[in-house]
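Working notes, beginning with the structure itself.
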Amino acid sequence: MERPVRVGVIGGGFVGSALVELLNDPERHEALVDAATAPLELVGVAVRDLSKSRRGIDSALLTTDVEKLIDSDLDVLVEVAGGVESARTYIESALKRGVSVVTANKALMADSGTQLAQLAHEHEADLFYEAAVGGAIPILRALRSSLAGERIERVMGIVNGTTNYILTQMTREGSDYASALAEAQALGFAEADPTADVEGFDAAAKVQILSTLAFGTRLSGDEIAREGITGVRDVDVEFARRSGYVIKLLGVAERVGPFGVSRRVHPAMIPSSHPLATVNGAMNAVFVEGVKSGPLMWLGQGAGGAPTATAVLGDLLDAARNRISGRHDVPFSGDLSLRYVDAGELPSAFYLSVDVLDRPGVLAVVAGVFGRHDVSIRSMEQAGFGDEARLSFLTHHALQLNVSATVTELTALDSVDSVSACIRVIDASFE
Ligand SMILES: NC(=O)c1ccc[n+]([C@@H]2O[C@H](COP(=O)([O-])OP(=O)(O)OC[C@H]3O[C@@H](n4cnc5c(N)ncnc54)[C@H](OP(=O)(O)O)[C@@H]3O)[C@@H](O)[C@H]2O)c1
């Protein structure tokens, strides 16, 4: 039998304790040894507070001295503590010693992934981060290995469970945004401060990671257009439903021509027949379109201690097997020749909702503004409310910057109260 692979874990919270449970499960023991090609030896679990009770973790393994843990002749360090600065310090410290690292930390990978991957390579160590995107869904491994030879055209994901839960409740129950958010918070699907989720920051970090593997773009950087769901209203969700669409928060990374790539997060209306439209509640899914593979989709639990721990464990087994065979994976270098295409340069259909004074001639004035900016109207619906009316438009494909100019000019009109929604419409390209 091979020598044991020495494993240290930073973090004994949801993911860390679920991982320790998997490592200690006697029914999995043989399979883990087979997959790692050696027994795994858990050397220690670093936490902040030793006095907390932790189910399933032997208290003799707990420590608050992370550096000492990293320095205890580890083969693999698992970082499931979160945060950016301290996690980066610990991961750098491990990699510089040639210790392979497995992390679930999307914020850190989006921030410093390129540098950390380089550091891993220099020190002949692995850096794996499957759990950083889509929880249990093995999408990064699929992009890295199974689809390594395919030309990916587009990756489109529902990669944030909190926002998908909120939008699902708005669609199914007709709830408004505020009450759907309050319900998500009460059920533990949303944090007390939901900003990172509802404003799309979390999804943007995941898009960054996905686009690295799909297109070889840099792992870190800030060229992601981001728009959250706080402006999505119940009337928009209802309009979408009547028109055969569902509103989802999408993370999109797509090739634009031979030398361009667009990366963005925004709410979008997608046809209710699209596979992503059926992904409800806190579930995540990633939809990939390859030139030869055609459409592919992965669906699963994007969060939760145990689901996330399964992805961490898969990485740990890969890293352990590499240690035993004396090799390491070469990280993606990033194709810096790709140009980031601004979302404004891309054509899309749009849904616009315009609140106007209900006076004769207003519709003609509004339609004229669309025409002046080269935005052609596909359909229009009018609903009256006393002296006011709501005009809901679906447009044909138009450049986003032309649609933005339309919105600006409409907003300045005396007869227009507000443009209360401007949401992209994605028509199916998968059939
Ligand atoms: N939970 C999920 O569903 C999920 C899904 C995907 C990815 N992730 C990622 O996985 C990571 C962990 O998430 P989690 O939900 O397990 O978090 P968590 O429940 O808050 O646990 C964090 C753990 O890390 C420990 N810790 C934090 N900072 C530390 C430090 N500086 N030194 C030593 N220990 C430290 C904490 O110690 P104490 O217990 O003593 O406070 C705690 O045990 C995060 O990066 C998160 O983004 C989580």
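In summary, helices (runs of 4 or more DSSP H) completely within segment 153-202 and bearing 3 or more residues that are closer than 19 Å to Val133 by Cα and in contact with a helix residue (DSSP H, G or I) (Cβ under 7 Å, 6 or more places away or on another chain) occur at 161-173, 195-198. Between residues in segment 35-56 that are basic (Lys, Arg) and residues that are within 16 Å of the ligand (Cβ to nearest atom), which pairs lie under 7 Å by C-beta distance while being six or more apart or on different chains? Correct list of pairs: Arg48/Thr64; Arg54/Gly12; Arg54/Ser17; Arg55/Ser17. State whether the residues of segment 200-217 include one that is among the acidic types (Asp, Glu) and surrounded by fewer than 21 Cβ atoms within 10 Å (Cβ to Cβ). No: segment 200-217 contains no residue that is among the acidic types (Asp, Glu) and surrounded by fewer than 21 Cβ atoms within 10 Å (Cβ to Cβ).
If the condition is being modelled with pLDDT of 95 or more, among the small types (Gly, Ala, Ser) and either more than 16 Å from the ligand (Cβ to nearest atom) or closer than 14 Å to Val78 by Cα (or both), then segment 102-145 contributes Ala104, Ala120, Ala125, Ala131, Ala132, Ala142.
When Ser392, Ser415 are checked against the criterion of being under 17 Å from Asp234 (Cα atoms), touching a strand residue (DSSP E or B) at 6+ places or on another chain (Cβ under 8 Å) and among the polar types (S, T, N, Q), a single residue qualifies: Ser392.
Residue-wise test of (1) touching a helix residue (DSSP H, G or I) at 6+ places or on another chain (Cβ under 9 Å); (2) of a type in the set (A, V, I, L, M, F, W, C); (3) not in a strand (DSSP E or B).
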site: Ser17; (1), (2), (3): yes, no, yes
site: Asp34; (1), (2), (3): no, no, yes
site: Arg48; (1), (2), (3): no, no, yes
site: Ile57; (1), (2), (3): yes, yes, yes
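Which count do you get for residues in segment 70-89 that are outside any loop (DSSP other than H, G, I, E, B), touching a strand residue (DSSP E or B) at 6+ places or on another chain (Cβ under 6 Å) and near the ligand (Cβ under 9 Å from one of its atoms)? The qualifying residues number 2.
Taking the condition at pLDDT below 95 and away from the ligand (no atom under 16 Å from the Cβ), does Arg3 pass? Walk me through it before giving the result.
Numbers: at pLDDT below 95: yes; away from the ligand (no atom under 16 Å from the Cβ): yes.
Answer is yes for this residue.
The values are calculated or read from the model by the stated rules, or taken from the named source; none is laboratory data. The structure displayed is predicted, hence computed values, not measured ones. So basically every Cβ, Gly included, is an ideal-geometry build from the backbone, and we count neighbours across all protein chains shown.
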